[in-house]
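A quick write-up on the structure given underneath.
The values are calculated or read from the model by the stated rules, or taken from the named source; none is laboratory data. Worth saying up front: this structure is predicted, and the values here are computed from it rather than measured. Here Cβ is always computed from backbone atoms with ideal geometry, including for glycine, and neighbour counts include all displayed protein chains. Remember, those area values only see protein heavy atoms, side chains included, never the ligands or the DNA or RNA. Shrake-Rupley method; radii C 1.70, N 1.55, O 1.52, S 1.80 Å.
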Amino acid sequence: MNEEKINIISKSIEGIDRSISIKESDMELINKFARRQLKSDEVYIFSVVLCDNDIDRQNERFSDESLDKLAKLFVGKTGIMDHECKSENQTARIFDCDVQTAENKQNQLGNPYKRLVAKAYMPKTEKNKEFIVEIEAGIKKEVSINCSVETMTCSICGKDAKTDRCEHIKGRVYKKGKEKLLCHSILENPIDAYEWSFVAVPAQKEAGVIKAFKPKFDRGEFNMQNIVKKLGEGESVTLNSLQSLKLYEMIKELEEKSKIGEEYFSELKAEVIKLSKNAQPDIDANVMESVVDKMSLHELKSFKEAYRKKNIKNSGIRPQLSHNAIKTPLNTQFRI
């Protein structure tokens, strides 16, 4: 997992329990989301482990408190495929969710291992028949969650990685007194849960991960760069209205700067062509224009300087403080 709110943090774990009998209490919870009263023989339900409190491959973990909050946030959230937020990708919906503590198991910190387990349902239809078979066969197994957290706390110094400058590097081991501690980010204060997905290849050994983070707008510029970075990495980003406005303003500012850059580029090209007429008069003007159009900014600057020096040399004009002028012995023009 990784940083930058925009928004999410996702983590997925293998672990679908396919042997669940449908209870009357389950149907009551399911029917809170259905438009008509469904019967137990109309639905297929399964359990899925969404995330846990252990350190993952990218050296991040949810706190126990975060798991408790996510348990409430994920009730009612839809399950989709590969985090593709399209209505046709909806496959199931969570109707119950709770945090479970595994007996005789600890996380990497030596604390009791806890995981967020959800119950989900889908209608038994011809469309879902093959999908249910794949779940039963263990083909559709890994899942990944998509949610938003407020802070990402450094386990060494306690600073929020999204808003404060932290010198520690995740994955490195630091000495704290006599202890050696693995630096990682603690994902805290979940704000919202968006969806959970079946994924083919999770980024973690036991979890599939997709992330995005909520920007703090007191450091908006910094976080907008993080948003752009995540977009460049091909990750999904969910923005609220304020974030969308901030990104729009950033794009408009870049457009204005781009116009200024284009004007400077055009002026530089024209100047190089003008200087080339004196420096290399034998070159056809159309050929020179064609060559200049393909030049980079660095190449244009280099040619401009080279032509400028050549034109000065050809004209016989010597700047007062030129290199050659400094080397000329003083007062030689007055010697007899």
message = Out of the residues in the range 249-273 meeting the condition of being of a type in the set (Asp, Glu) and open to solvent by 80 Å² or more (accessible area, probe 1.4 Å), tell me which one is modelled with the lowest pLDDT.
response = Glu249
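For Val75, state whether it is closer than 18 Å to Glu188 by Cβ and surrounded by 14 or more Cβ atoms within 10 Å (Cβ to Cβ).
no
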query = Within the range 274-307, which residues are acidic (Asp, Glu) and open to solvent by 90 Å² or more (accessible area, probe 1.4 Å)?
reply = Asp282, Asp293
request  = For Phe62, work out the one condition from (1) at pLDDT 55 or above; (2) under 29 Å from Val149 (Cβ atoms); (3) open to solvent by 70 Å² or more (accessible area, probe 1.4 Å) it doesn't fulfil.
outcome  = (3)
key: Candidate set: the range 140-160, residues that are β-branched (Val, Ile, Thr) and in a strand (DSSP E or B); chosen: the one surrounded by the most Cβ atoms within 10 Å (Cβ to Cβ)   = Ile145
